[in-house]
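Following: one structure in structure tokens, then a few remarks.
What follows draws every value from the coordinates through simple rules; no lab data is involved. All values reported here derive from a predicted model rather than from experimental measurement. Reconstructed Cβ throughout: ideal geometry from the backbone, glycine too, with neighbour counts over all protein chains shown.
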Amino acid sequence: MEELQHIGLITDPKIKQIYIDKFGKNLISGVDYQVYISAKHGNGVGSYKVSEVAITGQNMTLLIDFLVGSSELGSAVINQRILFFKTEPGCKIIEVVTSKKT
């Protein structure tokens, strides 16, 4: 996969739609999605887990952990992840905070 130019929460609707069209083939049409693109990291395997959600009115902040298991620590691939968060109409993710855990 090519290096992605945008990092973090995508707030521009046009740019967000580009990523949904290009990488969201399995997404449900007509549903609101928020798009987050991770920075490059040195582990080619692993997964993200939402560890905390903070809600203020209809705004939401997500804390997500990038989890790397002991069998995955030797991977040297540099990659990025695209995360699609399904949201209810009117709900907006305003911040995504990530951490790396083993």
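Here are the numbers:
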| quantity | calculated |
| --- | --- |
| Cut-off under 5 Å, modelled amide H: who pairs with R81 long-range | S38 |
| Charge sum, other residues only, whose C-beta stays under 10 Å from D32's C-beta, Lys/Arg counted +1 and Asp/Glu -1 | +1 |
